[in-house]
Amino acid sequence: MDYIRRIVDDEIDKRKDAFNAINIVGPKGCGKTRTAKERCNTIIEFQDEEKRDGYLTIAETSPKLLLKNPKPILFDEWQDAVKVWGTIRKDCDDHPDSVGEYYLTGSSSKKVDTPHTGTERITELSMYPMTLWETGESNGQISISKIIEDENYEFEGAMSTISLEDLFFAVCRGGWPRCMALKSRDAKLEIAKDYYKQIYKKDISAIDRVKRNPEWARALIWSYARNMATKAKKTSLYADVKATQNVTDGTLDTYVEKLEELYVIKDIDAWTPQIRSKTAIRSGKKHIFIDPSIAMAALGIGPDYFNNDLDLFGHAFENLVLRDLMVYAENHEARILHYADDMGLEADAIYQMADGRYALIEIKTGVNKIPEAEKSLLKFKEIIKKHNEEALKNPEHPKAVYREPAALIVICATAPMGYTTENGVKIIPVGCLRD
C-alpha cells in the first residue's frame, strides 16, 4: 500500500531541521511507525522476532553501535531497549550541529521511565488517527486556518460529496490507517472493535504492568462513550460504573489517568474569559475520544443504528470533528477549547491560533440547525463587543478587553456547499474541511 501523506508530516519537516531526534507519540495503530519509516535509511524494530535478540543484546551492552548505521535511523518500540534513549540523548549533546538523524516510535501501552529527559535534544510530537481529509472523505477545499488568518480568503462554492450515510460509517470505522488497506466495509469496522477490546483487556494493565480489572475498565469506557462530547461531571461518569461494579472513585481516577496516557480519551479545556462578570463560566472539561470509533465499539453500535438515533450521531459527529480540529490545530500551533456559561452562551469549539486570533465554532449535523447556530455565534460576538465597550468607558481605569473573534464558523455534516451568510458566518461542509 502506498504511503498516504499525513498532516503531521508538515510538523515533522519543521522539527527535523531544528532537532536531531524526534519522538513520535500517540495512540497505537495511528501510523507512527509507517510515517517515520518513510524518512529513514535504517529501520531498527525491536519487535522483529528474527532480529530482536541481537538488537536487544547490542542495546544493552553497547548501544552506541546502533547509531553507526546509515542515518536517519528509526528505533521502533524503543521502550524495549531503554538505554537507546540515553545514548541518543548523549549523541545529540556531542553533535549539536546535527539534525534529523533519529526517530523514535513506540506503543502507548508501554510506559517507561528514562533516567534523563530529552529536553532541547529529543523533541516530542503527537500523532492522531487520520482525519477525514487524510482518508479522502473530505476533499480539503476549505482551510480552517486560512479562514482565520485571511479575511479575504475565498471558499464559497466549494462542494461536498460526502453523504450522511458515509459519515455514519466514518464514525464507526474511525481514522485507523489499517482500514485503508482493507476492501471490505465489514472488515474495516472490525479494526476499532478489536482495538477497543485490547484496551480494556490488556493495555490498561500493560501500560505500567499493574494488574487492573478489565470489567471496571470496560464499564468506564462505556460511561465515557455514553457521554462523549459533553461536559458530564466525573461523579456522573463514575456513578454509571458503580451501578454495576464495586469500585471506589480513587481507583477510577487511576483508570482515567491510564486511559488518557493510552490516548483513548481526552479532555478539552474551557475558554475562560470573564466576559459577563456576574455569569458563572462552566469551566468543566469536554470529554472526547481520540477517535469516535472506540466509543461506538464500546456502545456496540454500527452505522445502521444511526438511522433511528440522530441524536446520538450528533454527539459522535461532534467528537469526529473535534478529533479533526485537534489534528489541524497541532499543525498550526493552535489550541482547541470550548465555552459554556450559565446564561446559555456557548461554542462547541474555539480554534485559537498561536498569535491570539481565534474562531468561534458550532458543530451541527443538519442544515436546518444552521440558522440557530448562526444566531448563537452572532450573540456571542455581540456580547464580547459590548463587554469591550463597557471595559473602555473609563479611560483612566480600563478593564480587561477581549479580542473579538476572527471568524464565526458552522461546521455542518449535511451542508452541500461552503458559503458565507449575510451576517458573515462561514458555513463549512465537513466534506470540504482541512487544516
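At a glance:
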read-out	value
Total charge dipole magnitude, the chain, about the Cα centre, Cβ charges on Lys, Arg, Asp, Glu only, Debye to nearest 20	940
Value at 222 nm in deg cm²/dmol, rounded to 500, when DSSP H runs of n ≥ 4 in the chain each add -39,500 (n - 2.57)	-11000 deg cm²/dmol
Between segment 228-257 and segment 141-193, the Cα center-to-center distance that results, in Å	31
q = 0.19 Å⁻¹: log10 I(q)/I(0) that the Debye formula gives for segment 369-435, counting C-alpha atoms only	-0.75
Cα Rg, Dmax (largest Cα-Cα span) when computed across segment 308-377, Å	13.1, 43
Segment 364-435-segment 40-76 distance, computed between alpha-carbon centres (Å)	52
For segment 379-386, 3J(HN,Hα) per residue [Karplus equation, 6.51 cos²θ - 1.76 cosθ + 1.60, θ = phi - 60°, Hz, x = Gly/Pro]	5, 4, 4, 5, 5, 4, 4, 5
Under 16 Å from residue 385, Cα to Cα: lysines that are on another chain or at least 8 residues apart	375, 393, 399
Residue (of 78, 377, 361) at the positive-pole extreme of the chain, dipole from beta-carbon charges	78
Average accessible area per residue (Å²) across the chain - probe 1.4 Å, nucleic acids and ligands excluded	46
Residue list for segment 221-246, given a label point 7 angstrom along the Cα-to-Cβ vector of residue 309 and an amide N cut-off under 16 Å	221-230
Cα-derived Rg over Rh, computed across segment 278-397 with Rh taken as Kirkwood radius	1.05
J(HN,Hα) series, segment 153-163, from Karplus relation 6.51 cos²θ - 1.76 cosθ + 1.60, nearest Hz, glycine and proline x	5, 9, 9, 4, x, 4, 9, 9, 10, 6, 9
Cβ-placed point charges (K, R +1; D, E -1), dipole of segment 1-155 about Cα centre in debye, nearest 20	520
Rounded to the nearest 20 debye, dipole of segment 203-347 from Cβ charges on Lys, Arg, Asp, Glu	440
Length-normalised contact order for segment 282-435 - Cα pairs under 8 Å, 6+ apart - percent	18
Heavy-atom accessible surface of the chain: percent carbon and sulfur, 1.4 Å	47
Whichever lysines have a C-alpha closer than 18 Å to that of residue 369, once near sequence neighbours (fewer than 8 apart) are set aside	379, 426
Projected-area average for segment 238-347 over all orientations - Cα convex hull basis, square nanometres	9.5
Volume in Å³ per residue [convex hull over Cα atoms, computed for segment 135-209]	137
Rounded to whole Hz, the Karplus (6.51, -1.76, 1.60) HN-Hα couplings of segment 315-330, x for glycine and proline	5, 5, 5, 4, 4, 4, 5, 4, 4, 5, 4, 4, 5, 5, 5, 4
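The values are calculated or read from the model by the stated rules, or taken from the named source; none is laboratory data. For clarity, every value in this text was computed on a predicted model and none was experimentally measured. Positions of Cβ are backbone-derived with ideal geometry, glycine not excepted, and every protein chain shown enters the neighbour counts. For accessibility, only protein heavy atoms count, side chains too; no ligands or nucleic acids. Shrake-Rupley method; radii C 1.70, N 1.55, O 1.52, S 1.80 Å.
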